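J.: A single structure is presented below for examination.
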């Protein structure tokens, strides 16, 4: 177990943690039974509530079995168009349709950026924002057409990809690279390029310049769209002879503070490019459905990023499948909060689906979503620094979204922040919250509403996410049951999991948005654009049994097949750009894409993700442990800072038990240490104190057990890291958080395992951690 001492017995204020199942103490509380009884009575008398619950239990399977462990959402043809009943299989066809359907409706909102403000005593400055301006669908189309026309004008010299041409061998100036944060300009450029059969390559704004240079070289890129702040870096570091021009935006920058450097390259403001375009003299060169629309580079957690080739047909069929699911709860005029990287397939397809449904997009900077990261300039010039209306600083209150997506880490951070606030309230308020939370969580598990508890307690929490939320989506990795339950219960809207990959153009599965009581731990049935099968693999589960497509039981629970998840349908990519060997490894000649993920079909026809094949690790005793599944549960521990990196578990054939790196929560660990009488000069030193490490380990083990982890998945030791330094040191120092900027996380905020191991292997930290896993 390593050299940690037994945890100290410390008298301290108990940390508040919402419990979805009533404790014995709560069950003995008369007030709890009074509120639960009144709530049930209100639900029963509502009539519509019981009808909806009965309808849920009478419904059939979420999907249909076509063959052994092969399922579709329903029988019949897969969706191949963005709009049912219409032949819309290219991005320009989609833009034409939606801009005619919703012409004068608002489509994209952008907050005006007015510099920075550093509050007294603050470590970092906050961004200042003013009024939001909205673009209509009609204006979007005009701007997109002008931008596309400018690309193929003599000035920039780009050329449409010829019909039937093979992009992988083509040598012409056919590809535009987008290297910018999420914004209206990014989407405008992508849509505009499609009208002229210009292929769009994407690069995460958080990736290093070397990755951008590789993309420019590999795709023979003549024009890059980027931020004004990146222009100097590009001119100094990208020497490719194909690059001729840089078009820049002024997103979240004061132009006078960032001069444009002299360069051999042509450098133009995007607004000037659009204003000077002459669309009347340039006829669009419309693409075919089979033409490549996007080269979307993955975030590179397993080596050099791969460029995933997605056809226009892939994009439109994906939008069609997602629209069928999201369209059940959305109406034109709803708002979606856009802040995840548009270079990530989840954000790109979510935005395109919203555009297709008439749902407007409010663009936000990730660090200023809440009022903790921004200030608002009022019309009289004064600053509003606190959350609330009018003139809220945070984007989430400004846009009041009906829908927002996030990676699991975002939802975990929100949950812990709310619990911290409740923990500061009186004992009575904490008890009432626990009664309401356990009551509503229980009701949702029974697929019914808790109307009285919802109105009395949770309406205020709903306002934290703008007050209009209809659904939240978690993607990019598995979310723990504890966190998903909290989000669904506290924010009074379905908390939905989906599953997909860049290689499937964000199409695989999605939970039913109409079901407020969605089951945790599953990712839903297949979308109507794909079919999914589970193929037997010679990998053992925790009970030592192989995953077989014919299995009827998974670790004691009934199921309808297990194995590697494989996906087929129109959204599936054409392969990896200029990497035929990598393409052949996972893209079958029969159309099936091998995901590398292990799944289980639940008896109700929904898919459950067990783990990734590469992360099912065999320990010294021959037992397999599911590393990502473990991390999902350990991340719920109150001593873990999800904002600064989270948890990375590790195991191999030399270890008897797994171990973990943990980025610690400074506030909670410091509070425990103070109560224990431990005083050191810095949080970095505190993280090395054996008693602190032992306390964190004990709490992690409790979280793992409460999350249902097996005996072999309970970690034997951990290293606690401070995570309090700057976000962008390269390479990072010991005290720094894990971020995309310093390479410890991928651009999509997933753990960069090899980089973390390499970083902490240099000074023996990793070896010391491994030693804790050896008996």
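J.: If only one of 315, 331 is farther than 19 Å from residue 511 by Cβ, out of contact with any strand residue (DSSP E or B) (no Cβ under 6 Å at 6 or more places or on another chain), in contact (Cβ under 8 Å) with a residue 24 or more places away in the chain and not in a strand (DSSP E or B), which one is it?
T.: Only one candidate passes the filter, namely 331.
J.: Shifting gears a bit: Can you confirm whether residue 762 is in contact (Cβ under 8 Å) with a residue 24 or more places away in the chain, surrounded by fewer than 16 Cβ atoms within 10 Å (Cβ to Cβ) and either more than 19 Å from the chain's Cα centre (by Cα) or farther than 19 Å from residue 619 by Cα (or both)?
T.: Working: in contact (Cβ under 8 Å) with a residue 24 or more places away in the chain: no; surrounded by fewer than 16 Cβ atoms within 10 Å (Cβ to Cβ): yes; either more than 19 Å from the chain's Cα centre (by Cα) or farther than 19 Å from residue 619 by Cα (or both): yes.
Here the answer is no, as residue 762 does not meet what is asked.
J.: Quick one: residue 743 ticks every box in (1) part of a loop (DSSP other than H, G, I, E, B); (2) out of contact with any helix residue (DSSP H, G or I) (no Cβ under 7 Å at 6 or more places or on another chain); (3) surrounded by 15 or more Cβ atoms within 10 Å (Cβ to Cβ) bar one, so which box is it?
T.: Every listed condition holds for residue 743 apart from (2).
J.: If you scan the range 664-675, which residues turn out to be out of contact with any strand residue (DSSP E or B) (no Cβ under 6 Å at 6 or more places or on another chain) and within 29 Å of residue 713 (Cα to Cα)? Give the derivation first.
T.: Within the range 664-675, the first condition is being out of contact with any strand residue (DSSP E or B) (no Cβ under 6 Å at 6 or more places or on another chain), and the residues that meet it are 665-675.
Once the filter is applied, which keeps residues that are out of contact with any strand residue (DSSP E or B) (no Cβ under 6 Å at 6 or more places or on another chain) and within 29 Å of residue 713 (Cα to Cα), the range 664-675 yields 665, 666, 667, 668, 669, 670, 671, 672, 673.
J.: Kindly establish whether residue 696 is modelled with pLDDT of 90 or more, buried (at least 20 other Cβ atoms within 10 Å of the Cβ) and more than 29 Å from the chain's Cα centre (by Cα). It would help to see each step written out before you state the result.
T.: Values: modelled with pLDDT of 90 or more: yes; buried (at least 20 other Cβ atoms within 10 Å of the Cβ): yes; more than 29 Å from the chain's Cα centre (by Cα): no.
Answer is no for this residue.
J.: For the range 224-283: of the residues being in contact with a strand residue (DSSP E or B) (Cβ under 7 Å, 6 or more places away or on another chain) and more than 20 Å from residue 189 (Cα to Cα), which is surrounded by the fewest Cβ atoms within 10 Å (Cβ to Cβ)?
T.: Looking at the filtered set, the residue picked out is 254.
J.: Here's a follow-up. Quick one: which of 57, 62, 117 is surrounded by 12 or more Cβ atoms within 10 Å (Cβ to Cβ), at pLDDT below 95 and farther than 30 Å from residue 393 by Cα? Step through it out loud before you land on a result.
T.: Values: 57 fails: surrounded by 12 or more Cβ atoms within 10 Å (Cβ to Cβ); 117 fails: farther than 30 Å from residue 393 by Cα.
That would be 62, the only listed residue that is surrounded by 12 or more Cβ atoms within 10 Å (Cβ to Cβ), at pLDDT below 95 and farther than 30 Å from residue 393 by Cα.
J.: Being farther than 20 Å from residue 29 by Cα and in a loop (DSSP other than H, G, I, E, B) is the filter here, so list the residues in the range 435-456 that pass it.
T.: 446, 447, 448, 449
J.: Select, from 645, 621, the only residue that is modelled with pLDDT under 95, in a loop (DSSP other than H, G, I, E, B) and more than 30 Å from residue 420 (Cα to Cα).
T.: After ruling out the rest, the residue left standing is 621.
J.: Same structure again: Answer with yes or no whether residue 139 is over 26 Å from the mean Cα position of the chain (by Cα) and buried (at least 17 other Cβ atoms within 10 Å of the Cβ).
T.: Details: over 26 Å from the mean Cα position of the chain (by Cα): yes; buried (at least 17 other Cβ atoms within 10 Å of the Cβ): yes.
Spelling it out, residue 139 is indeed over 26 Å from the mean Cα position of the chain (by Cα) and buried (at least 17 other Cβ atoms within 10 Å of the Cβ).
J.: Out of 598, 680, 693, 603, which single residue is in a strand (DSSP E or B) and either touching a strand residue (DSSP E or B) at 6+ places or on another chain (Cβ under 6 Å) or farther than 30 Å from residue 528 by Cβ (or both)?
T.: Numbers: 680 fails: in a strand (DSSP E or B); 693 fails: in a strand (DSSP E or B); 603 fails: in a strand (DSSP E or B).
Selected residue: 598, the only one of 598, 680, 693, 603 that is in a strand (DSSP E or B) and either touching a strand residue (DSSP E or B) at 6+ places or on another chain (Cβ under 6 Å) or farther than 30 Å from residue 528 by Cβ (or both).
J.: For residues that are within 15 Å of residue 396 (Cα to Cα) and part of a loop (DSSP other than H, G, I, E, B), tally how many sit in the range 457-482.
T.: 5
J.: Can you tell me which residue among 434, 446 is surrounded by fewer than 20 Cβ atoms within 10 Å (Cβ to Cβ) and either more than 28 Å from the chain's Cα centre (by Cα) or over 30 Å from residue 358 (Cα atoms) (or both)?
T.: Exactly one of 434, 446 is surrounded by fewer than 20 Cβ atoms within 10 Å (Cβ to Cβ) and either more than 28 Å from the chain's Cα centre (by Cα) or over 30 Å from residue 358 (Cα atoms) (or both), namely 446.
J.: Right, another one. Pick from 38, 15: which is touching a helix residue (DSSP H, G or I) at 6+ places or on another chain (Cβ under 7 Å) and outside any loop (DSSP other than H, G, I, E, B)?
T.: Criteria check complete, one pass: 38.
J.: Testing residue 770 on (1) part of a loop (DSSP other than H, G, I, E, B); (2) closer than 21 Å to residue 624 by Cα, one condition comes back false. Which one is that?
T.: All conditions pass for residue 770, except number (1).
J.: Can you name every one of the helices (runs of 4 or more DSSP H) wholly within the range 199-279 that holds 2 or more residues which are free of Cβ contacts under 8 Å to residues at least 24 places away in the same chain?
T.: On the way: elements: 209-219, 231-237, 270-276.
Filter on the range 199-279 gives 270-276.
J.: State whether one or more residues within the range 452-462 are closer than 23 Å to residue 750 by Cα, surrounded by fewer than 19 Cβ atoms within 10 Å (Cβ to Cβ) and not assigned by TED's automatic domain parsing to the domain that holds residue 324.
T.: No, the range 452-462 has no match at all.
J.: If I ask for residues that are within 29 Å of residue 561 (Cβ to Cβ) and surrounded by fewer than 20 Cβ atoms within 10 Å (Cβ to Cβ), which ones from the range 71-97 would you list?
T.: Residues satisfying the conditions are 74, 75, 76, 77, 80.
J.: Right, next: Within the range 564-587, which residues are more than 19 Å from residue 478 (Cα to Cα) and touching a strand residue (DSSP E or B) at 6+ places or on another chain (Cβ under 7 Å)? So that I can check it myself, show each step before the final result.
T.: Residues of the range 564-587 more than 19 Å from residue 478 (Cα to Cα): 568-587.
568, 569, 572, 573, 574, 575, 576, 577, 582, 583, 586, 587 - these are the residues of the range 564-587 that are more than 19 Å from residue 478 (Cα to Cα) and touching a strand residue (DSSP E or B) at 6+ places or on another chain (Cβ under 7 Å).
J.: Hey, another quick one. Could we say that residue 101 is in contact with a strand residue (DSSP E or B) (Cβ under 8 Å, 6 or more places away or on another chain) and assigned by TED's automatic domain parsing to the domain that holds residue 198 here? Reasoning before the result, please.
T.: Values: in contact with a strand residue (DSSP E or B) (Cβ under 8 Å, 6 or more places away or on another chain): no; assigned by TED's automatic domain parsing to the domain that holds residue 198: yes.
So residue 101 fails the test.
J.: Could you tell me whether the range 308-321 includes any residue that is assigned by TED's automatic domain parsing to the domain that holds residue 149, at pLDDT below 95 and buried (at least 22 other Cβ atoms within 10 Å of the Cβ)? Talk me through it step by step, then tell me what you get.
T.: At the first step, the residues of the range 308-321 found to be assigned by TED's automatic domain parsing to the domain that holds residue 149 are 308-321.
Subset that is at pLDDT below 95: none.
Among the residues of the range 308-321, not one is assigned by TED's automatic domain parsing to the domain that holds residue 149, at pLDDT below 95 and buried (at least 22 other Cβ atoms within 10 Å of the Cβ), which makes the answer no.
J.: If residue 342 meets every condition in (1) over 17 Å from residue 141 (Cβ atoms); (2) more than 18 Å from the chain's Cα centre (by Cα) apart from one, which number is that one?
T.: Here residue 342 meets the rest and fails (2).
J.: So for the range 545-552 (the condition being part of a loop (DSSP other than H, G, I, E, B) and within 21 Å of the chain's Cα centre (by Cα)), does at least one residue qualify?
T.: Taking every residue of the range 545-552 in turn, none turns out to be part of a loop (DSSP other than H, G, I, E, B) and within 21 Å of the chain's Cα centre (by Cα).
J.: When the range 223-255 is examined, which residues are found to be closer than 18 Å to residue 158 by Cβ and in contact with a helix residue (DSSP H, G or I) (Cβ under 9 Å, 6 or more places away or on another chain)?
T.: Passing the criteria: 223, 224, 225, 226, 234, 238, 240, 242, 243, 246, 247, 248.
J.: Here's a follow-up. Is there a residue in the range 147-157 that is in contact (Cβ under 8 Å) with a residue 40 or more places away in the chain, at positive phi and in a loop (DSSP other than H, G, I, E, B)?
T.: Yes, the conditions are met somewhere in the range 147-157.
J.: If you don't mind, another one. Taking residue 708 and the conditions (1) under 26 Å from the mean Cα position of the chain (by Cα); (2) in a loop (DSSP other than H, G, I, E, B); (3) under 23 Å from residue 753 (Cα atoms), which numbered condition does it fall short on, given that it satisfies the others?
T.: (3)
J.: Assigned to a loop (DSSP other than H, G, I, E, B), on the phi < 0 side of the Ramachandran plot, crowded, with 17+ Cβ neighbours inside 10 Å and at pLDDT 95 or above, is that true of residue 20? Even if it seems obvious, please write down each step before you answer.
T.: Numbers: assigned to a loop (DSSP other than H, G, I, E, B): yes; on the phi < 0 side of the Ramachandran plot: yes; crowded, with 17+ Cβ neighbours inside 10 Å: yes; at pLDDT 95 or above: no.
Answer is no for this residue.
The values are calculated or read from the model by the stated rules, or taken from the named source; none is laboratory data. For clarity, every value in this text was computed on a predicted model and none was experimentally measured. All Cβ positions, even for glycine, are placed from backbone atoms using ideal geometry, and neighbour counts span all protein chains on display.
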